[in-house]
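Contents: one structure, followed by commentary.
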């Protein structure tokens, strides 16, 4: 480096401006600490959360779900006509508009809390020093009490995949396509692959999803996943599971993809085979900071590395790698670093999957409970049993409760259907307070709402425990007694 500027001093230096970095910075500023955020693309703060992944993809999905939802209420020919005339640039422009609005909000928070924003990349010079490379020829070293690495993740790009940004793309490039492809093969039946499968199928693209595994979204409860799969297949998405990519050849404006001895000729190959933590070029090895088997930074329950003054949070530490969890991790970092009490990271938190329809979950899956040998009952409420489901014209949808057979506590909640990512928070509140299935029965819900499905599902579960038809209190030694009630709900069988 040709030039080194005078050293500055901070209480916290945050490397990266994603959810973990921004929330950690604001929390530290609220604790009256001097903070700076280092971001290599300071003209686009927020990282993939704001600009290439979470917000733009969910905005596009929201628009398409609204348009497709009209089919249940009016003649489908009108909706089809809208889709034919709907310009891609209009949809993508809306997504960019939302990203810009969110970035403005973030900048406002940084400014209001006197947080300095520095353009550059960070490199660990020591446990209390960060070199900020502002250009190829200019850098400066800043001293700091604490350091947070919040550099996020990027799409995994195997060397044998011929990425070119328009025929073969990853999740950072998929929304930069100049036109809507007529056909697409998605490799990867995880959350990202399934979300984009729903988006592009709604746009009229012929979508095939290939995965070497035999199940889609295998980390989720497979009962609700199969309900989602049926909905996706009815919309026209084709799944080819238990197959791997054998050969990829770019053929003019199209791509020839071989899997299981068959060749698919498509406009776009979208590789959605996972993400990798951004841990290179940070100087981690020089400070003795350990990486896990997938390249993630190893941290303790307070997101502290082996070096006590250096923390890491967000996607860079691996799963769950959600915007919401990263934001909370960032707050925990600043509170722990500067002696404020916040508690640990919650054991239970919701996961939202923004397919069409949505899928959301919190707590244990049936697969996990069976593996643990837990005694439980299942309560189900189909959207077709809920009055609001009929009003909305929903033919698919399921609210599923997993209830401990001994204590009647809610062990897991899994929802697939309209508004699932919002509905899950009703159940989350009960689980946080160690609620029982009886609490749902004794709660009065607005009618007609989809949330009433909780009551139906609770009746369905408890009627399997109280076979006499009279639902009693949960075990007395477990607290939170509920009033006696009967099992007479019309959908409680």
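The values are calculated or read from the model by the stated rules, or taken from the named source; none is laboratory data. Owing to the predicted nature of the structure, the values given are computational and were not obtained by experimental measurement. Note that we place each Cβ from the backbone using ideal geometry, even for glycine, and neighbour counts take in every protein chain shown.
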From 117, 91, 110, residue being surrounded by 15 or more Cβ atoms within 10 Å (Cβ to Cβ), in the same structural domain as residue 13 (by TED's automatic domain parsing) and closer than 30 Å to residue 254 by Cβ: 91
Out of 414, 408, 390, 425, report the one residue that is in the same structural domain as residue 443 (by TED's automatic domain parsing), out of contact with any helix residue (DSSP H, G or I) (no Cβ under 6 Å at 6 or more places or on another chain) and modelled with pLDDT of 95 or more. 425
Given 40, 58, 30, which one is under 19 Å from residue 105 (Cβ atoms) and modelled with pLDDT under 95? 58
Considering the stretch 456-493, residues that are closer than 20 Å to residue 413 by Cβ, surrounded by fewer than 22 Cβ atoms within 10 Å (Cβ to Cβ) and in contact with a helix residue (DSSP H, G or I) (Cβ under 8 Å, 6 or more places away or on another chain), and then whichever is modelled with the highest pLDDT, we arrive at 489
Unique match (being within 15 Å of the chain's Cα centre (by Cα) and surrounded by 14 or more Cβ atoms within 10 Å (Cβ to Cβ)) among 272, 312: 272
Please count how many residues of the stretch 180-200 are touching a helix residue (DSSP H, G or I) at 6+ places or on another chain (Cβ under 6 Å) and surrounded by fewer than 21 Cβ atoms within 10 Å (Cβ to Cβ). 1
Just to be sure before I move on: is residue 105 at pLDDT 80 or above, out of contact with any helix residue (DSSP H, G or I) (no Cβ under 8 Å at 6 or more places or on another chain) and part of a strand (DSSP E or B) in the structure I sent? no
Go through the residues of the stretch 214-226 one by one and say whether even a single one is surrounded by fewer than 17 Cβ atoms within 10 Å (Cβ to Cβ), more than 19 Å from residue 88 (Cβ to Cβ), touching a strand residue (DSSP E or B) at 6+ places or on another chain (Cβ under 6 Å) and not assigned by TED's automatic domain parsing to the domain that holds residue 262. no
Filter the stretch 390-439 down to residues that are farther than 17 Å from residue 361 by Cα and crowded, with 24+ Cβ neighbours inside 10 Å and give me whichever is farthest from the chain's Cα centre (by Cα). 408
Could you identify the single residue in 373, 344, 363, 352 that is farther than 22 Å from residue 124 by Cβ, outside the structural domain of residue 246 (by TED's automatic domain parsing), touching a helix residue (DSSP H, G or I) at 6+ places or on another chain (Cβ under 9 Å) and exposed (fewer than 14 other Cβ atoms within 10 Å of the Cβ)? 344
Going residue by residue through the stretch 253-268, is there one that turns out to be assigned to a loop (DSSP other than H, G, I, E, B), touching a strand residue (DSSP E or B) at 6+ places or on another chain (Cβ under 6 Å), modelled with pLDDT of 95 or more and surrounded by 13 or more Cβ atoms within 10 Å (Cβ to Cβ)? yes
Only one of these conditions is not met by residue 280: (1) free of Cβ contacts under 8 Å to residues at least 60 places away in the same chain; (2) in contact with a strand residue (DSSP E or B) (Cβ under 9 Å, 6 or more places away or on another chain). Which number is it? (2)
